[in-house]
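K.L.:
Dumping the structure here so I can ask a few things about it.
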There are 2 protein chains.
Amino acid sequence: MDSSGTRRQNTRRKLFEAAVTLIAEQGFSSTTVDEIAERAGVAKGTVYYNFASKTVLFEELLRHGIELLTDSLQAAADETAERGGSRVDALDAMIRAGLDFITRYPSLTQLYVAELWRTNRAWQSTLMQVRQKAIAVIEAVLTEAVATGELSTELDIPLTASALFGMVLVAALDWQSFQPERSIDEVHSALSRLLQGRVSGAGR
Amino acid sequence: MDSSGTRRQNTRRKLFEAAVTLIAEQGFSSTTVDEIAERAGVAKGTVYYNFASKTVLFEELLRHGIELLTDSLQAAADETAERGGSRVDALDAMIRAGLDFITRYPSLTQLYVAELWRTNRAWQSTLMQVRQKAIAVIEAVLTEAVATGELSTELDIPLTASALFGMVLVAALDWQSFQPERSIDEVHSALSRLLQGRVSGAGR
DNA sequence: ACTTTTGCACTGACCGGTCAGTCCAAGGTT
DNA sequence: AACCTTGGACTGACCGGTCAGTGCAAAAGT
C-alpha cells in the first residue's frame, strides 16, 4: 500500500537502531558490521546495499539524531513563547525537553558525548555542524532574553549556552547511569534551581 | 647511580604521555600499540615489558590521571577553608581548579569524557571508582555548605554535584575546541555568574 | 520488470600479543 | 687488569586471528 519507499526505509531504521546501541556501548571501532547486521536481523550485504560504508552509516546516524534533538528544543522554546512565558521560562522548558530527549534516546546521547570533542576523526565536521545547530537554539533564547532585559547584558552568551548544555547533559547521563531510581521531576527541579540561582541561600 | 629504577619509570612515563594524546584523538580501539610505541620512541616489545596488555596500560593511565584531578580539587577546597572563605567561595575555587586542570591536561579530559558513560567495557569499574572520588570532593563541600546554612537544605546534593561538574567540563571542552582565543578568566567568570545565580537579571 | 534482500565464500590489510635474542652496567673471579 | 657471569631492560620479526568490504547467484517483495 503506502509501502513502496517504505521497505528500504524500514531496514535503514532497523540498522540505525542496531548501530546506535552497539556503538554507544562499545565505541565505533570495536563495533563490527557483522554485529550490526545481526542485531538488525539483516544480512551483511544489506548493510552495504543501503550504506556506502560503516563510516557513512555512522555519519547519517549522527545527522538524523541531532535533527531530533534540535527540533525538540525548538519546539519547547516556541511553545513557551506561544503561552506568553518569559524567556527564562523557555530555558526551563528546554531543560525539560533535553531531559526528555536523553531519556528517550540514551544511547544516542552517550555516543554523541563520546565523539564530540575528539579530533582527527573522519566525521569531525559533521559533528561540528550538528553541535552548532543545537547550541544555536539555546543561544537564540539567551539573546532574546538579554534583548528584553530579562537577563544581564554582561552575559557571555556562547559560554553560558555551552555551560547550560553541559549541565543538563552530564546531570542526565549521571542520573541514568548511577541513580536511575530518581524521577525526571527531581532532576528537572534540581537543574532548574541551579539555573535560577536558588542554590546560593536565600536570594541575591 | 640513581638510574637503575629510574630508567623503567621514565619509559613508563613516556608511554603514558604517548598513549594519552593518541587515545584522546582516536579513541582506545582505533589506537594501535604500534603507534603508541612509535610516538614514545620505544619498541613494541617494551610496551609489553612494562604493561601486561593494552587495556592495563589504559587503566593505569586513568587511575594516575584522576589522582591528579582529585588532589587539585581538594587543594582548592582546603586553601579556601584556610583563608576563611565561605563554602561557596570554595566551590568557586574548585571551578577555577577544574578549569586549570583541563587546560593543563586537555587530552586526559577528552579521553575521560569519551569513556565515562559507556557500558560493557573492560575498565568500567576502574572508571566508576575514579568518578566517584572526584564527585565526592564536590559533594563534601556542598554538604558543608548546607550544614552551615550557606545553601538551602532543599539542595539535591548528588544531582547538583553532577550538574556542576558537567557545567565546568563541557564549558571548558567547548572553550578549548571552539573558542580557544578566550581567556581562562572570561570562562571562569561566566561560570561563576551562573553558579551564583547572577544570570537571571536583578534577582527575581 | 525492477528493486531489495539474502547467504555465503573470499580477500587482504591490520593488529594484539609473543618470543628468541641483544645490550649493557654492575659485580664477581682469576 | 683482563675475563666471565648475571639480570634487568629493550628489540623487532613473526604469528594467529579479526574484520571491513567484495562478488554474485538466487530468492523475495512490490
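The values are calculated or read from the model by the stated rules, or taken from the named source; none is laboratory data. Bear in mind that the values here come from a model prediction, so they are computed numbers and not experimental data. For neighbour counting, all protein chains shown are included, and Cβ atoms are generated from backbone atoms with ideal geometry for every residue, glycine included. The protein model used for the area step is the full one, side chains on, heavy atoms only, and it has no ligands, DNA or RNA in it. Shrake-Rupley method; radii C 1.70, N 1.55, O 1.52, S 1.80 Å.
K.L.:
Pick from B:192, B:152, B:72 the residue whose mean-square fluctuation is largest in a GNM of chain B, springs joining Cα atoms under 10 Å.
P.N.:
For chain B, modelled as a Gaussian network with Cα springs under 10 Å, the answer is B:152.
K.L.:
Heavy-atom accessible area per residue, the stretch A:55-195, 1.4 Å probe: how many Å²? If you can, show how the numbers build up before the last one.
P.N.:
Details: 5420 Å² over 141 residues.
Computed with neighbouring chains in place, this is 38 Å² per residue.
K.L.:
Using a label point 7 angstrom from Cα along Cα-to-C-beta, what distances in nm, from shortest up, separate residue A:41 from the other copies?
P.N.:
Taking the point 7 Å beyond Cα along Cα→Cβ, the inter-copy spacings are 5.7 nm.
K.L.:
Follow-up. In nm, what does the list of distances from residue A:52 to its counterparts in the other copies look like, shortest first, when each label sits 7 Å along Cα to Cβ?
P.N.:
Reported distances to equivalent positions: 4.4 nm.
K.L.:
Calculated from DSSP H runs of 4 or more alone, at -39500 (n - 2.57) each and per residue, what is the 222 nm mean residue ellipticity of chain A, nearest 500? Kindly include the intermediate steps, with their values, before the conclusion.
P.N.:
Numbers: 9 runs with 152 residues, N = 204.
My calculation for chain A gives -25000 deg cm²/dmol from helical runs alone.
K.L.:
Here is a further query. Report the residue of chain A with the smallest Cβ-to-axis distance, using the rotation axis that brings A onto B, in whole Å.
P.N.:
Residue nearest the A-to-B axis, with distance in whole Å: A:197, 1.
K.L.:
Still on this structure: Normalised by the residues of the stretch B:71-204, what does the relative contact order come to in percent, with Cα pairs under 8 Å and at least six apart? Let's see the in-between values first.
P.N.:
Numbers: 80 pairs, mean separation 37.0, N = 134.
Reported as a whole number, the value is 28 percent.
K.L.:
In percent, what relative contact order does the stretch A:1-51 have, based on Cα pairs under 8 Å that are 6 or more apart in sequence? All intermediate terms of the calculation are to be shown ahead of the outcome.
P.N.:
Working: 27 pairs, mean separation 18.4, N = 51.
After rounding, I find 36 percent.
K.L.:
So, one more: Given an 8 Å cut-off on Cα distances and at least 6 residues of separation, report the relative contact order of the stretch A:1-115 as a percent. List each step's numbers first, then the result.
P.N.:
Details: 71 pairs, mean separation 31.3, N = 115.
That works out to 27 percent.
K.L.:
To the nearest 10 degrees, how steep is helix B:124-147 against the longest Cα principal axis of chain B, on a 0 to 90 scale?
P.N.:
Long axis of B:124-147 versus the principal axis of chain B: about 20 degrees.
K.L.:
Per residue of B:110-121, what is the mean number of Cβ atoms on other protein chains within 10 angstrom of that residue's Cβ?
P.N.:
Values: counts 4, 2, 0, 6, 8, 2, 7, 15, 10, 7, 4, 4.
The shielding value for this peptide is 6.
K.L.:
Same structure again: Can you tell me the 0 to 90 degree angle between the C-alpha axis of helix A:184-195 and the longest principal axis of chain A, rounded to 10?
P.N.:
50 degrees
K.L.:
Residue by residue through A:173-183, how many Cβ atoms from other chains fall within 10 Å of the Cβ on average? Can you show the working numbers first?
P.N.:
Working: counts 4, 11, 4, 1, 7, 7, 3, 0, 0, 3, 0.
Partner Cβ neighbours, averaged per residue: 4.
K.L.:
Follow-up. Between their Cα atoms, which of A:14/A:133; A:14/B:54; A:133/B:133 are more than 32 Å away from each other?
P.N.:
Values: A:14/A:133 26 Å; A:14/B:54 34 Å; A:133/B:133 35 Å.
From A:14/A:133; A:14/B:54; A:133/B:133, over 32 Å: A:14/B:54; A:133/B:133.
K.L.:
If you don't mind, another one. Can you tell me the 0 to 90 degree angle between the C-alpha axis of helix B:87-104 and the longest principal axis of chain B, rounded to 10?
P.N.:
Roughly 30 degrees between the two axes.
K.L.:
A further question follows. At 7 angstrom along the Cα-to-beta-carbon line, where would the label on residue B:179 sit relative to the other copies? Give the distances in nm, shortest first.
P.N.:
Label point to label point, same position, other copies: 3.1 nm.
K.L.:
Determine ³J(HN,Hα), in whole Hz, for all residues of the stretch A:52-64 in sequence, where each value follows from phi through the Karplus function 6.51 cos²θ - 1.76 cosθ + 1.60 and θ = phi - 60°; x replaces Gly and Pro.
P.N.:
5, 7, 4, 4, 5, 3, 5, 4, 5, 4, 4, 4, 4
K.L.:
With a bin width of 5 angstrom, please list the P(r) values of the stretch B:58-195 as percents of all Cα-Cα pairs, from the 0 bin to the one holding the largest distance.
P.N.:
So the P(r) values, bin by bin, are 2, 9, 20, 22, 20, 14, 9, 3, 0.
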